[in-house]
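Everything below concerns the one structure shown next.
Here, each number is a calculation from the coordinates, and none is a lab measurement. All values derive from a computational prediction rather than experimental measurement. Don't worry about glycine lacking a Cβ; one is built from the backbone with ideal geometry, like all the others, and counts go over all protein chains shown.
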Amino acid sequence: MTNKPKDWVFSDPRLQEMRQDYAAYTDEDFKVWKILFDRQIVNLPEAASEAYLKGIKEIGFTSDKIADFEDVNRRLANSTGWSIQVVPGLIDDDLFFGLMNNRRFCSSTWLRKMEQLDYLEEPDMFHDAFAHMPLLTNQHYVDFLEDLSGIALKYIDNKWAIELLSRIYWFTIEFGLIRENDNLRIYGAGILSSAGETKYSLSNEPAHYEYDVKRIMNTPYWKDKFQDKYFIIESYEQLYESLPEIEAVLEEMVAEEAK
């Protein structure tokens, strides 16, 4: 993998020239987006990170208009230089990390149905767009994504290493908390797209730990229920600046596993 050029993903046949077909969205799709948007946005002014609240305005999302990736890409081009790459759903690790290492965030274009409003096994575009894309306007956040993906590509054939890095991604990008003005706030997309977990994650019920790379790498996670622990960063700069430690701890744990 390390012998491939950085931009190899752009010629990968798995992407199959995928695009968002905005005209194909149905009335039900617009209704689902609006319901999900309206019921969650009211929770976020007192719960979400300042960077997210700033980002959702910058990215232009509203309840009456499903996210338009062409518009998102124009806005991101003027912000951090990232863009959205349409994918069919969950994709292989090499393509996932390869795209992000080239400043392309992966997103599906399908929306859940009315009967699936509260839970999906696989993330849909509401999660990908509403929860993830606003923070793509934050430079330290996207720099962390890009360079974490670069580390992953060095170890792409090592399943244990990818599992360890997935724990970092899970407890930061998907389920991370940040301390702002002495208050806990949410930046993890898995929480931002869930009204229930938004309230739960900030309550006294789960455990809250300071951001600790080694502890996170030693902490398995689950996908089918609320987390029982969350890790708190002090800033997005801290997240980005932890990358050398992530790489060092990863190398150490991979070597230990190989003994």
* Please find, within the range 230-248, the residue that is surrounded by the most Cβ atoms within 10 Å (Cβ to Cβ) out of those that are without any contact (Cβ under 8 Å) to a residue 40 or more places away in the chain and of a type outside the set (Gly, Ala, Ser). => GLN238
* Report yes if LEU76 is crowded, with 18+ Cβ neighbours inside 10 Å, under 20 Å from THR109 (Cβ atoms) and touching a strand residue (DSSP E or B) at 6+ places or on another chain (Cβ under 9 Å), otherwise no. => yes
* From ALA161, ALA248, residue being of a type in the set (A, V, I, L, M, F, W, C), over 25 Å from LEU95 (Cβ atoms) and more than 18 Å from the chain's Cα centre (by Cα) -> ALA248
* Of the conditions (1) assigned to a loop (DSSP other than H, G, I, E, B); (2) within 16 Å of the chain's Cα centre (by Cα); (3) over 19 Å from HIS127 (Cβ atoms), PRO45 fails just one. Which one is it? -> (2)
* Pull up the range 72-117, narrow it to residues that are of a type in the set (Lys, Arg) and part of a loop (DSSP other than H, G, I, E, B), then point me to the one that is farthest from ASP29 (Cα to Cα). => ARG103
* Structure fact -> Scanning the range 167-184 residue by residue, the ones that are at negative phi and either surrounded by fewer than 22 Cβ atoms within 10 Å (Cβ to Cβ) or without any contact (Cβ under 8 Å) to a residue 24 or more places away in the chain (or both) total 9
* Are any residues in the range 92-130 touching an Asp or Glu at 6+ places or on another chain (Cβ under 9 Å), closer than 27 Å to VAL32 by Cα and among the aliphatic types (A, V, I, L, M), and if so, which ones? -> LEU111, MET114
